[in-house]
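Undergrad: Got a structure for you, written out below as structure tokens; questions coming shortly.
The values are calculated or read from the model by the stated rules, or taken from the named source; none is laboratory data. Please read all numbers here as calculations on a predicted model, not as lab measurements. Cβ placement follows ideal geometry from the backbone for every residue including glycine, while neighbour counts extend to all protein chains displayed.
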Amino acid sequence: MTTFDARPQAAIGSRPPRWLWSVLVDGRAGECDAVFPFHQRLEPSCVATARRFVDQTLTAWGVVEVAFDVQLVVSELVTNAMRHGGGVAQLRLLSHGAELACVVADHSHTVPVAAAPDVFSEFGRGLRLVDALCTAWGWLSPGDQRKLVWAVLVG
């Protein structure tokens, strides 16, 4: 059983790992890089579409053993983009060695906030789940109209 205190705290809001920074900010190509653009940014089916994209991409890359965790993380990031970010613009999956990154672009510069745990709340646990499953996560606003929320998992 995983608890929030059972692993090192993820790097919330920090700079992404060097390899991911060079892809997202410097524009360098990633080893394995797959992009899914969303045309209907507030469509409720965005989450299901994102999960299928994760499954297809990770199957093609031969890393299906982490597909469920990656699908959970992507589901939370896409849901947050739809709820708080003005809609989801793009989902990007990247692989570098043993690390996998999920990057969701939305239409807002509002900083994501991991809410304090509340057992009675219906919402607000998504980023806590991302934090529990990932080695690091954070966000960037690279200067354009979008915010990038990224999360790194070990494959």
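Undergrad: Does the range 100-119 hold any residues that are over 13 Å from the mean Cα position of the chain (by Cα) and at pLDDT 75 or above, and which are they?
TA: If we filter the range 100-119 for residues that are over 13 Å from the mean Cα position of the chain (by Cα), which is where we start, we get 107-111, 113-119.
Within the range 100-119, His107, Ser108, His109, Thr110, Val111 meet the criteria.
Undergrad: Regarding Ala81, is this residue within 19 Å of Trp139 (Cα to Cα), in a helix (DSSP H, G or I) and touching a helix residue (DSSP H, G or I) at 6+ places or on another chain (Cβ under 9 Å)?
TA: Considered against the rule, which asks whether it is within 19 Å of Trp139 (Cα to Cα), in a helix (DSSP H, G or I) and touching a helix residue (DSSP H, G or I) at 6+ places or on another chain (Cβ under 9 Å), Ala81 comes out as yes.
Undergrad: Quick one: how many residues across the range 9-28 are of a type in the set (A, V, I, L, M), outside any strand (DSSP E or B) and at pLDDT below 80? Steps first, please.
TA: Looking only at the range 9-28, we keep the residues that are of a type in the set (A, V, I, L, M), and these are 10-12, 20, 23-25.
Then keep just the ones that are outside any strand (DSSP E or B); that gives 10, 20, 23-25.
Then keep just the ones that are at pLDDT below 80; that gives 10.
So the count comes out to 1.
Undergrad: Among Leu77, Leu72, Leu58, which is the only one that is in contact with a strand residue (DSSP E or B) (Cβ under 6 Å, 6 or more places away or on another chain), among the hydrophobic types (A, V, I, L, M, F, W, C) and modelled with pLDDT of 90 or more? Before you say what the answer is, go through the steps one by one.
TA: Values: Leu72 fails: in contact with a strand residue (DSSP E or B) (Cβ under 6 Å, 6 or more places away or on another chain); Leu58 fails: in contact with a strand residue (DSSP E or B) (Cβ under 6 Å, 6 or more places away or on another chain).
On inspection, the qualifying residue turns out to be Leu77.
Undergrad: Go through the range 77-92 residue by residue and tally those that are surrounded by fewer than 23 Cβ atoms within 10 Å (Cβ to Cβ) and in contact with a Gly (Cβ under 7 Å, 6 or more places away or on another chain). I'd like the intermediate steps shown before the answer.
TA: Pass one, the range 77-92, residues surrounded by fewer than 23 Cβ atoms within 10 Å (Cβ to Cβ): 79-80, 82-84, 86-87, 89-90, 92.
Now restrict to residues that are in contact with a Gly (Cβ under 7 Å, 6 or more places away or on another chain): 79-80.
Going through the range 77-92 one residue at a time, the tally reaches 2.
Undergrad: Of the conditions (1) within 25 Å of Val25 (Cβ to Cβ); (2) of a type in the set (A, V, I, L, M, F, W, C); (3) modelled with pLDDT of 90 or more, Val47 clears all except one; give me its number.
TA: Val47 satisfies every listed condition except (1).
Undergrad: Can you spot a residue in the range 120-130 that is surrounded by fewer than 18 Cβ atoms within 10 Å (Cβ to Cβ), of a type in the set (Phe, Trp, Tyr), more than 13 Å from the chain's Cα centre (by Cα) and at pLDDT 85 or above?
TA: Within the range 120-130, the first condition is being surrounded by fewer than 18 Cβ atoms within 10 Å (Cβ to Cβ), and the residues that meet it are 120-125, 128-129.
Filter once more, so that each one left must be of a type in the set (Phe, Trp, Tyr): 120, 123.
Retained after the next criterion (residues that are more than 13 Å from the chain's Cα centre (by Cα)): 120, 123.
Okay, now just the ones that are also at pLDDT 85 or above, so none.
So far as the range 120-130 goes, no, none of its residues is surrounded by fewer than 18 Cβ atoms within 10 Å (Cβ to Cβ), of a type in the set (Phe, Trp, Tyr), more than 13 Å from the chain's Cα centre (by Cα) and at pLDDT 85 or above.
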